[in-house]
Amino acid sequence: MLGGYVMEDVIIIGAGPAGSTAARLLAQSGKHVLVLEQATFPRKKPCGGAITSRAVPLLPDQFMNHVLSSPTAWTFRGKKGSRTLKTSKPFCYTVDRSQFDHWLAQEAQKAGAQVMFNTPVTALAFDGEQYIVKTPHHYYYSRYLIGADGAKGVTAKYLGLTRPHNGAAVETEIPFPSSLLDHSKDRVEIDVSRYPWGYAWIIPHGSIANIGVGSFKASKLPSLRGLLQDYIMASFPGASALDTIWAHPLPYRVHFSSLATGHAVLVGDAAGLMDSFSAEGIFSALYSAHIASETINIAYQHHSGTETYNARIREDFWTHLRPAIKMSHLFYPLAGFWTEWFLHHTELLEEYLALTQGESTYDQLLAKTQATLLAKLHIRPLTR
């Protein structure tokens, strides 16, 4: 209690995967944690809902209880055909994001965090010792702050931190036709035939197909909605017109910039840590939440700020994300070349699937991709 009001150890703005994970970890370490979430859970969250195998160790126990499908087949489609690879173990697990996010918030509550839904943040300030967070009806106070309110959140703006670039994606869900269910229920499809700086996808959610189109440079594309409708009609002839389409941003960075100031940090989509090659963001959200909780625990112990978060993200995460950015700039401008190559050579596709399983890295994938391109062009790599 301070001056008639309760000061929290940490306030977290946003209860998505990054916010709820940070809340759970901090509460488990004995911190008083308050999470302010503008929506009421469970809520619809536009997302393909694919959790890569490398993200699973960052999740609470019982995650498998929330899995809808465990794809072991991956189809890569281009203008001149397709190629399907199969793996001995799932390279991803699919979830319903509304239920998945709700479960993570409940796990944070079980750990002792207080989660307040339907509580948007309208302003915040730091007076040198505490954060003052304003909502429509109350003020809240804390020593430390985590911004986990996504690509459209307000925290980055209030903290004066650089906001990420935003691509865009649209998606919908339809039942798999019964004739295709057995073939499709354990298979992810990625189509790069006509989506500059992006791709279309089909991700199985049990008997439901999550179908979408996204691009990191969506402003250069025709209507994403129209592209989505065309993709569905090509994939499922006879499908009816779409009733509901959800849109969402794809927040990413091409250069590292500060994600911490004072006693505050940004995590997940609010930090723009999405993989800018695959558009996978849940691993980044979970990983940055773990680093944020570790940073705040140390800062709390030493009565210090959160500046070390930048160093941790740069050293432990950005070094792996930077090759993904290079892969994006190597792949998407030459997508036609690469898709034709993939139809006859599977080495790079296999390397990417190994990456999603945590058995390879973007450094290895990038090195193999560069070597492949140089060999195709009959150019020897430079040697020192």
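Cross-link partners for K326 among the lysines, with Cα-Cα distance under 25 Å and sequence neighbours closer than 8 places in the same chain left out: K79, K217, K220, K368, K376. Of the peptides 19-26, 188-195, 312-319, the order by per-residue mean of other Cβ atoms within 10 Å, starting with the highest, comes out as 19-26, 188-195, 312-319.
Accessible surface computed residue by residue for the chain, with neighbouring protein chains in place and a 1.4 Å probe, gives 45 Å² per residue. Rounded to whole Å, the principal axis extents of the Cα atoms in segment 94-228 read 60, 39, 21, largest first.
Helices that extend 18 Å or more along their long axis by alpha-carbon positions and average at least -1.0 on the Kyte-Doolittle scale are, among the DSSP H runs of the chain, 282-302, 319-331, 362-376. Within the set of other residues whose C-beta is less than 14 Å from the C-beta of A239, count the net charge using Lys and Arg as +1 and Asp and Glu as -1. Computed value for this residue: -3.
Given Cβ point charges of +1 (Lys, Arg) and -1 (Asp, Glu) and nothing else, what value in debye, to the nearest 20, does the dipole of segment 1-126 about its Cα centre take?
Result for segment 1-126 is approximately 1020 debye, rounded to the nearest 20.
Net charge in the neighbourhood of Y141 (other residues with Cβ under 12 Å of its Cβ; Lys, Arg +1, Asp, Glu -1) is -2. Centroid-to-centroid, using Cα positions, segment 1-50 and segment 133-204 are 18 Å apart.
Regarding the chain, what is the average projected area of its C-alpha convex hull, in nm²?
Numbers: hull surface 82.4 nm².
If you wrap the Cα atoms of the chain in a convex hull and average its projections, you get 20.6 nm².
The portion of the accessible surface of the chain made up by carbon and sulfur, rounded to a whole percent, is 52 (1.4 Å probe; DNA, RNA and ligands excluded).
As an equivalent ellipsoid, segment 8-53 spans semi-axes of 23, 15, 6 angstrom, where each value is the square root of five times an eigenvalue of the C-alpha gyration tensor, largest first. Protection proxy ranking, highest mean first, for peptides 344-351, 138-145: 138-145, 344-351, where packing is the per-residue count of other beta-carbon atoms within 10 Å, averaged. Note on segment 272-384: the alpha carbon radius of gyration divided by the globular reference 2.2 N^0.38 Å gives 1.33.
Each of the peptides 114-121, 50-57 was scored by the mean count of other Cβ atoms within 10 Å over its residues; in descending order, highest first, they stand as 50-57, 114-121.
The values are calculated or read from the model by the stated rules, or taken from the named source; none is laboratory data. Here the structure is a predicted model, which is why all the values come from computation and not from measurement. Note that we place each Cβ from the backbone using ideal geometry, even for glycine, and neighbour counts take in every protein chain shown. Ligands, DNA and RNA are excluded from the accessible area calculation, which covers all protein heavy atoms including side chains. Shrake-Rupley method; radii C 1.70, N 1.55, O 1.52, S 1.80 Å.
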